[in-house]
1. Can you give the relative contact order of the chain as a percent, counting alpha carbon pairs under 8 Å and 6+ residues apart?
2. I need to check one value: relative contact order of the stretch 493-690, counting alpha carbon pairs closer than 8 Å and at least 6 residues apart, in percent.
3. Sort 468, 182 so that the residue with the fewest other Cβ atoms within 10 Å of its own Cβ comes first and the one with the most comes last.
4. Does anything in the stretch 607-625 have its amide N under 11 Å from the 7 Å Cα→Cβ label point of residue 558, and if so which residues?
5. Any chance you could get the radius of gyration and Dmax over the Cα atoms of the stretch 2-229, in Å?
6. Taking the Cβ of each residue in 213, 199 as the centre, tally the other Cβ atoms inside 10 Å and list the residues starting with the fewest.
7. Taking only the Cα atoms of the stretch 493-591, how large is their convex hull per residue, in Å³?
8. To the nearest 500 deg cm²/dmol, what mean residue ellipticity at 222 nm is calculated for the chain from DSSP H runs of n ≥ 4 alone, each contributing -39,500 (n - 2.57), summed and divided by the residues?
């Protein structure tokens, strides 16, 4: 015989599901279910209508958790009591696991099961008795979320030490669900009713240990628990009672503490309480309501689908825009629901929002999210992202590019803290801004920010092995085990079949089939280092005055006017053509003889992948993920060691225009058979490595693993 005690306060929707799970698992075990309702106004009569055997007591006011539990404890007489929160759900086999364990271990007064979130992640329900540092490094505190593996939190959250199979003695277990031996209750006494809510469970377990009994964490028995359903309805009162109970616990077990220390403890608790109230007030002033007030059906209308909220700073021309388009539109719609939020592009950037033409997955645009750092604007972005999260209730927030990664990850952290949620965070580094973009001081500052953000990120994605090593070893953003290498993926078909467009781009340029075309494709910004390209071009023309060659610059950006003036001053205007952005870029590759790239810093450049798929030879600087694309060196040029001949292309040192000229000169005179062999290797490599089907499979697998914990 067991007594099941549940205290309810305006959580009747959840309580109905809780009772259903109890009856589904109890399997004939004699049990009495006692419900103490603390003045609910959400239709508590539904309980007795659907479950007439339940013994319901309607208290006229909210007595508090401890006092209400004590009422039921005094009514029952079963040898075991199961104390359960109304927003909990018993999982199959609970009673058949935990009751026999209690029978076989007569010294155990309280056993706490494994308590999980709805997504299956384990809550820290088994803990050490609190210390003053618990206020800063508790289960859901800010410092614990930013530094999850710190030794203070690890010492406090004992659940993390469990192997998930065997019982483990602990200081105390959560009152959300505990199985209690009635003999121990008679020996030690009931809950201390001075604790209106919170910490009465820690106090009771402490008294059990002091009375010679044991408290055990028992993971073979499992429940699901929606944290804070009742307390979230009166945020200020619940937070006040929480801090009041903390002080009661401190005073109860530290009676001889000097008065000055007690004053300091009260001041610290008051400050902490004030900060929480301020955060909650900010959230409400910005239009964010308590997400915990949703009913279970509202929170997950389709539990089969994993909800992904994806954010990128802007859909400017480049790999990140292509990447998020594929992930937003290409994931299995029966298993994933994906929403994309983007910012605004600047006037001189190419816009790739055309990718979503005809798609049902149109991106939402935040006008406030822009490339530049503007604190007031960024705060508005955080507010808007908060609203998206509140509306969508995503399981995973996946960010792309630095600006979206900063604002969204900060937002998710605050949202999880305020509402006690566990939204997973994934961030993809398409490149980084740690080298070549800013001064050394600014770069160090951004590295520090990314290190902090990485601590609150569940998985970091690097798009190449070189980038993964740089993030972990060179810049120490996160440990290798947190960084997953997932290469980009593309719809390569337009480039694999680009030959059908051969001659069209040359016709637009007004050049014949024998003219050598060298293209450089990308944004006209300082990090792309077009000046180095033009220096190499000038050197090449000086050494080969009779050569029939044109250099095409595809792209646009802030440096265009400067670069056009540079070419005029260097007398290159007759050889260099600025084309701006071209939407049908496969037509360009169809007529190129060489693709050049002179960037100071890169992730995995899309132009190289597209060129390889289009059978265009590539020469590039030796930076970032380019080295992974080019492969290992075949040999060094017989002329010089200023450039390197690799499996799939040519590499030259970063910033070395002389080496780049030598590499171009080598390509122009290379044996056609050798060049063709390298082209075929490059084409086969990108088809195998960068197909969109492989990308979608890898990302879907990652999301599934995250949701399984």
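1. The normalised contact order for the chain reaches 10 percent.
2. Once normalised by length, the contact order is 22 percent.
3. Placing the least packed residue first, the sequence is 182, 468.
4. What the label zone holds, given the 11 Å backbone N cut-off, is no residue at all.
5. Looking at the stretch 2-229, its Cα Rg and Dmax stand at 16.8, 50 Å.
6. Ordered by Cβ neighbours within 10 Å, fewest first: 213, 199.
7. 102
8. Helices in the chain give a 222 nm mean residue ellipticity of -12500 deg cm²/dmol.
Bear in mind that the values in this text are calculations on the coordinates, not laboratory data. These figures come from a predicted structure and were not determined experimentally. Counting neighbours? That spans all protein chains shown, and the Cβs are built from the backbone with ideal geometry, glycine included.
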